[in-house]
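For reference, the structure discussed in these notes is given below.
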Amino acid sequence: MATVVELTDDNFSETIKEGVTLVDFWAPWCGPCMMQGPIVERVAEKVGDTAKVAKVNVDEAQRAAMELGIRAIPTVFVFRDGKPIEQFVGVTPEDKLISAIDKAQ
């Protein structure tokens with residue numbers, strides 16, 4: 001079963017540099033983020049090893065969020081080989097996220 005990886009400022013760049021990675025930027029105090037979390041976990045289970053799925057707590061890893069210009073959370077990015085391919089702001093449905101991962105492959 002695929003798991004969602006917790007990213008920090010220290011491992012963010014290394015984790016997204018190869019392949020397709022979906023990253024959920026969130027915070028524990030954010031209500032909509034609490035709704036997005038289980039969706040991201042289901043996406044991780046469905047995509048398995050075809051893509052990495054990760055989360056970044058913006059309170060703890062501010063550098064990555066600032067570099068990407070994130071102003072609202074939850075924000076979900078799909079990266080391919082370290083480059084942002086697609087971005088979603090607000091609670092995003094599972095099928096939209098899986099479709100974005102499929103397109104990025």
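The values are calculated or read from the model by the stated rules, or taken from the named source; none is laboratory data. Note that this is a predicted model, so its numbers are computed, not measured. Positions of Cβ are backbone-derived with ideal geometry, glycine not excepted, and every protein chain shown enters the neighbour counts. Keep in mind that these areas ignore ligands, DNA and RNA; they rest on the heavy atoms of the full protein, side chains included. Shrake-Rupley method; radii C 1.70, N 1.55, O 1.52, S 1.80 Å.
State to the nearest 20 debye the size of the charge dipole of the chain about its Cα centre, where the only charges are +1 on K and R beta carbons and -1 on D and E beta carbons. Write out the running numbers ahead of the final one.
Numbers: 11 positive and 17 negative charges, 63 e Å.
Charge dipole, the chain, about its Cα centre: 300 debye, nearest 20.
At 1.4 Å probe radius, can you tell me the per residue accessible area of the chain in Å²? Don't skip to the end; give the middle numbers.
Working: 5680 Å² over 105 residues.
With the other protein chains kept in place, the chain gives 54 Å² per residue.
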* Ranked highest first by the average count of other Cβ atoms within 10 Å around their residues, in what order do 60-73, 17-30, 92-105 fall? -> 17-30, 92-105, 60-73
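With the Cα gyration tensor of region 1-89 giving a ≥ b ≥ c as the square roots of its eigenvalues, does the rule (a/c under 1.5 for rounded; else a/b larger than b/c for prolate; else oblate) give rounded, prolate or oblate? The partial results should precede the final answer.
Numbers: a/c = 1.58, a/b = 1.11, b/c = 1.43.
Here region 1-89 falls in the oblate category.
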